[in-house]
Amino acid sequence: MLACSLTAMASDDAKMDKFIDDLMSKMTLEEKLGQINLPPGGDIVTGDPQSSDIGAAIVKGQIGGIFNIKGADKAKALQELAVKKSRLGIPLLIGMDVIHGYETVFPIPLALAASWDTSAAETTARIAAIEASAAGINWTFSPMVDIARDPRWGRMSEGSGEDPFLGSRMAEAMVRGYQGKSMQGDTEIMACLKHFALYGAPDAGRDYSTVDMSRLRMFNEYLAPYRAAVNAGVGSVMSSFNVVDGIPATANKWLLTDLLRDYWGFKGFVVTDYGSIGEMQPHGMGDMQSNAAMALKSGTDMDMSSWAFVNTLAKSLQEGKVSMSDIDRAVRLILEAKYKLGLFKNPYKYNNVKREKTDIYTPEHKAEARRVAAKTFVLLKNEGNILPLQKKGKIALVGPLANTAINMVGSWAGAIAPEKYKSLLHGFQDAVGDKANIIYAKGCNVYADAKTEGNVGIWNKNIRDNRTEQELFDEAMKAAANADVIVAAMGELAESSGESSSRSELDLPETQKKLLAALVATGKPVVMLNFSGRSTVMTWENENVPAILNVWFGGSEAPDAIADVVFGDVNPSGKLPVSMPRNVGQVPVYYNHLNTGRPVDNPKGDFIKFKSNYFDVPNAPLYPFGYGLSYTSFSFSDFNLSSDKLSNDGTIRASVKVTNTGDREGAEVVQYYIRDMVGSISRPVKELKHFERVSLAPGESKTVSFDINVDDLKYYHPVDQFKSKSSALSSGSDIEYTAEPGEFQIMVGPDSENVQTLKFTLE
Ligand code: NOJ
């Protein structure tokens, strides 16, 4: 069976190779360079493709793909220009940042990771692909898998958080969702893994800033999700804006060729990020011509938005700075992608314009978005079981995020249809009907000063309330005085996170803090909903507000989903995919850190002189990675190991019984962590190795097991420093991936802090 399918694959490859050989033999150099050129939509975003400059370039064969245009008709017109009017009729790649849904918008990726539900990641990517492909899109610039430990960095919102294992599982699920089985179906589109690599670790959390990290940290902590997506068959990879080992990723041969293709076996193509060949100059490289040559030779196949390949590579070829085989490699990979998508068989495969009317923002897609969003909310605190609220009496809904539909979806939602979405206020009103009275007041703007609000983003032009801060505040206090319970919708604007949205402070803006403190001071029960695209600081809130639900940005159906959880129709089950710091000074704070030579036994305890701790704040985050409460309670018991010895080719089973000890149905995420007690290099205090979501009825128990084998214990380390001979410059670069015999701890619990521990030995 396997032999048969391998033979079939080989003959498919041979067919593809022959087709592309024939096509390439007919192509002029200009046409080849056109194929590796990817401009943005430009004048066709709003204008008519036929009469646009981009349209004219397509006809001349100067463009291989286009991106970020919306509309099935437009996509079709562009494809027709390429197929019918250009000399060789090569179809276009039509790309878009479909990051967390198309018109049906799902939670931002960070929130999705909080569901710890890989099937939700796959399903939402599948639906995004169904909708995007109905509008002519055949390529999405997703998944973004950059590990992020610094919430000052706004793009934390676009990835799966701080953990390589969780990030890897989400990444591969999303690739499967977008690409389906083979990219052959007419709803199966090509995914693009980004941003390769390490983009999530910029100095000081400032977007586009310097990244500098050891190879060991890369391999053990940051690269895993990229590799998982490659193993899942992702069709394309986008390089990142940052430098890696001092060389911009865009032109980094070690990264794009040695690691990605030669070591990991990636077979697809590499596209630059937006204009990043152009950005090599401010990075301190040469001029556009030499940068384009360097990018191509290092393994870049497609130039996004710099027009550097089309404008300079012919000259570089003439001058011997690049070879024809460098150009042919890139062209072939782009043509292969088009072939694999089935575009040569049917260039209009994604241009069924009727589907745009029937397959986008359907009731089924909306229902799924609502269901998934509710799974992503993390209940951080629920003193006195204030939540869920009953649908009765007077409920004050107060805060700057309470009545703004556009801010529910989160950043990077380029295809949104805001007129179709509702605000939280509307969601609450629909949920309670005439059973309760919702009294709304804005209370304050998100930021007191219009300038900061303006810096945050373009979507918010119309949301500012121009009444004075005092007027807004007074109105809110009146609403609160009239109510039995207060729900405070606080936090960030959707665009406070995402690209170019770095922050230096992570707590609520002053104006919101003041409002929240006054609401709490009324003595009425207060529930805080925290809208955020990153982990934020809620130290005061944790001490003073009885109930806190972190709702991230839940997508187009967030208002209904939040109402589902607040009013108890759905029991919250989200778990943090990032540690939540106590203050900015703790950043980066992450659970899988090394122990240091001077650890403190109690990371929440008092300061101890000459230990690795702060004298003004504990080491532990406010809320740890993996944390999240439920309206019910769970117990973990009977934790056991089938053996305390593991052989190199064997397996041992860890098991734990999880019981729903409360009185309503709920889901728990069982998390297994491992610690390698002695290694040839220092090892993290724990690393997530397995997780499972289990749904349990009241009183019900389930046993959740994890079969551990040697692969779960492997990690990257230098070959023995005493055995390998290394020069001063290459020391530590000879890395191997093995497990080392010795003692390990296996831990299990509902979060990364609250764990039970057993030991075993790898023999
Ligand atoms: C820049 C962003 O970094 C990247 O994530 C995105 O895909 C491209 N622009 C294209 O819009």
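The values are calculated or read from the model by the stated rules, or taken from the named source; none is laboratory data. Every value quoted in this text rests on a predicted model; they were computed, and no experiment measured them. No Cβ is skipped: glycine too gets one built from the backbone with ideal geometry, and neighbour counts run over all protein chains shown. Note: areas computed on protein heavy atoms with side chains; ligands, DNA, RNA excluded. Shrake-Rupley method; radii C 1.70, N 1.55, O 1.52, S 1.80 Å.
The set of residues in segment 36-77 being of a type in the set (Val, Ile, Thr), assigned to a loop (DSSP other than H, G, I, E, B) and open to solvent by less than 10 Å² (accessible area, probe 1.4 Å) consists of 36, 63, 69.
Quick check on residue 713: is it surrounded by 15 or more Cβ atoms within 10 Å (Cβ to Cβ), touching a strand residue (DSSP E or B) at 6+ places or on another chain (Cβ under 7 Å) and within 26 Å of residue 219 (Cβ to Cβ)?
Working: surrounded by 15 or more Cβ atoms within 10 Å (Cβ to Cβ): yes; touching a strand residue (DSSP E or B) at 6+ places or on another chain (Cβ under 7 Å): yes; within 26 Å of residue 219 (Cβ to Cβ): yes.
So residue 713 fits the description; yes.
Of all the listed residues (139, 153), the sole one being over 25 Å from residue 217 (Cβ atoms) and within 13 Å of the ligand (Cβ to nearest atom) is 139. Within segment 60-74, which residues are away from the ligand (no atom under 16 Å from the Cβ), closer than 21 Å to residue 141 by Cα and at pLDDT 95 or above? Matches in segment 60-74: none.
A quick yes/no check of all residues on (1) of a type in the set (Phe, Trp, Tyr); (2) more than 22 Å from residue 279 (Cβ to Cβ); (3) open to solvent by 10 Å² or more (accessible area, probe 1.4 Å):
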residue: 301; (1), (2), (3): no, no, no
residue: 310; (1), (2), (3): no, no, yes
residue: 344; (1), (2), (3): yes, yes, yes
residue: 348; (1), (2), (3): yes, yes, yes
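Quick one: count up the residues across segment 170-204 that are within 16 Å of the ligand (Cβ to nearest atom) and part of a helix (DSSP H, G or I).
Going residue by residue through segment 170-204, those that are within 16 Å of the ligand (Cβ to nearest atom) are 171, 174-175, 178, 189-202.
From what's left, part of a helix (DSSP H, G or I): 171, 174-175, 178.
Counting residues in segment 170-204 that are within 16 Å of the ligand (Cβ to nearest atom) and part of a helix (DSSP H, G or I) gives 4.
Do we have residue 110 as assigned to a helix (DSSP H, G or I), within 16 Å of the ligand (Cβ to nearest atom) and open to solvent by less than 10 Å² (accessible area, probe 1.4 Å) here? So residue 110 passes the test.
With respect to the conditions (1) open to solvent by 30 Å² or more (accessible area, probe 1.4 Å); (2) within 16 Å of the ligand (Cβ to nearest atom); (3) touching a strand residue (DSSP E or B) at 6+ places or on another chain (Cβ under 7 Å), residue 413 falls short on a single one, namely (1). Out of 278, 286, one residue alone is part of a loop (DSSP other than H, G, I, E, B) and away from the ligand (no atom under 15 Å from the Cβ). It is 286.
What helices (runs of 4 or more DSSP H) lie completely within segment 405-503 and have 3 or more residues being at pLDDT 95 or above? Spell out how you get there, then give the answer.
On the way: elements: 424-432, 450-456, 469-481.
It comes to 424-432, 469-481.
Take the conditions under 27 Å from residue 547 (Cα atoms) and open to solvent by 10 Å² or more (accessible area, probe 1.4 Å) and apply them to residue 449. Does it pass? Criteria not met by residue 449.
The C-beta contact set for segment 193-214 (first residue farther than 21 Å from residue 506 by Cα, second residue part of a strand (DSSP E or B) and within 11 Å of the ligand (Cβ to nearest atom), distance under 6 angstrom, 6+ apart or interchain) comprises 194/144; 194/238; 195/238; 196/239.
Sub-6 Å Cβ pairs linking a first residue in segment 145-164 that is surrounded by fewer than 24 Cβ atoms within 10 Å (Cβ to Cβ) to a second residue that is in a loop (DSSP other than H, G, I, E, B) and basic (Lys, Arg), at least 6 apart or interchain, are 152/503, ordered by first then second residue. In segment 434-457, the residues that are of a type in the set (Gly, Ala, Ser) reach residues that are open to solvent by less than 20 Å² (accessible area, probe 1.4 Å) and not in a helix (DSSP H, G or I) with C-beta atoms within less than 6 angstrom, at least six apart or across chains, in these pairs: 436/395; 441/398; 443/398; 443/399.
Taken together, the criteria exclude residue 99 from residues that are in a strand (DSSP E or B), among the aliphatic types (A, V, I, L, M), closer than 20 Å to residue 416 by Cβ and touching a residue at least 40 places away in the same chain (Cβ under 8 Å).
Kindly provide the set of residues from segment 22-50 that are in contact (Cβ under 8 Å) with a residue 40 or more places away in the chain and of a type in the set (S, T, N, Q), ordered by number. Give the derivation first.
In the first step, residues of segment 22-50 are kept if they are in contact (Cβ under 8 Å) with a residue 40 or more places away in the chain; the result is 23-24, 26-27, 29-40.
Selection gives 35, 37.
For segment 504-535, name all the residues that are part of a loop (DSSP other than H, G, I, E, B), buried (at least 19 other Cβ atoms within 10 Å of the Cβ) and among the polar types (S, T, N, Q). The answer is 532, 535.
The condition of being more than 27 Å from residue 509 (Cβ to Cβ) and outside any strand (DSSP E or B) does not hold for residue 553. Is it the case that segment 307-318 has a residue that's at negative phi and assigned to a loop (DSSP other than H, G, I, E, B)? Among the residues of segment 307-318, not one is at negative phi and assigned to a loop (DSSP other than H, G, I, E, B), which makes the answer no.
Considering every residue within segment 27-35, establish whether at least one is within 16 Å of the ligand (Cβ to nearest atom), open to solvent by less than 40 Å² (accessible area, probe 1.4 Å) and not β-branched (Val, Ile, Thr).
Initially, segment 27-35 is screened for residues within 16 Å of the ligand (Cβ to nearest atom), giving none.
No, that holds for no residue.
Could you say which residue among 474, 465, 484 is surrounded by 15 or more Cβ atoms within 10 Å (Cβ to Cβ), more than 22 Å from residue 406 (Cβ to Cβ) and not aliphatic (A, V, I, L, M)? Only one candidate passes the filter, namely 484.
Taking the criterion of being within 15 Å of the ligand (Cβ to nearest atom), in contact with a Leu (Cβ under 8 Å, 6 or more places away or on another chain) and not charged (D, E, K, R), would at least one residue in segment 213-225 satisfy it? No, that holds for no residue. Taking segment 210-256, which residues are out of contact with any Ser or Thr (no Cβ under 8 Å at 6 or more places or on another chain), at pLDDT below 95 and in a helix (DSSP H, G or I)? Hit for segment 210-256 is 216, nothing else. Residues of segment 366-389 that are under 27 Å from residue 100 (Cα atoms) and either modelled with pLDDT under 95 or open to solvent by less than 20 Å² (accessible area, probe 1.4 Å) (or both): 369, 372, 373, 374, 376, 377, 378, 379, 380. None of 564, 569 is surrounded by fewer than 24 Cβ atoms within 10 Å (Cβ to Cβ), part of a loop (DSSP other than H, G, I, E, B) and not polar (S, T, N, Q) except 569.
Residues of segment 91-107 that are in contact with a His (Cβ under 9 Å, 6 or more places away or on another chain), more than 16 Å from the ligand (Cβ to nearest atom) and either of a type outside the set (S, T, N, Q) or open to solvent by 10 Å² or more (accessible area, probe 1.4 Å) (or both): 103, 106, 107. Please determine whether any residue of segment 604-612 is surrounded by fewer than 17 Cβ atoms within 10 Å (Cβ to Cβ), among the β-branched types (Val, Ile, Thr) and assigned to a loop (DSSP other than H, G, I, E, B). Within segment 604-612 (the criterion being surrounded by fewer than 17 Cβ atoms within 10 Å (Cβ to Cβ), among the β-branched types (Val, Ile, Thr) and assigned to a loop (DSSP other than H, G, I, E, B)), the answer is yes, since at least one residue qualifies. Considering each residue of segment 87-102 in turn, none proves to be hydroxyl-bearing (Ser, Thr, Tyr) and in contact with a Lys or Arg (Cβ under 8 Å, 6 or more places away or on another chain).
Is segment 325-343 home to any residue that is touching a Ser or Thr at 6+ places or on another chain (Cβ under 7 Å), among the hydrophobic types (A, V, I, L, M, F, W, C) and in contact (Cβ under 8 Å) with a residue 12 or more places away in the chain?
Restricting attention to segment 325-343, the residues satisfying the condition of being touching a Ser or Thr at 6+ places or on another chain (Cβ under 7 Å) are 337.
Within this subset, residues satisfying the condition of being among the hydrophobic types (A, V, I, L, M, F, W, C) are 337.
This time we only want the ones that are in contact (Cβ under 8 Å) with a residue 12 or more places away in the chain, so: 337.
Looking through segment 325-343, at least one residue is touching a Ser or Thr at 6+ places or on another chain (Cβ under 7 Å), among the hydrophobic types (A, V, I, L, M, F, W, C) and in contact (Cβ under 8 Å) with a residue 12 or more places away in the chain.
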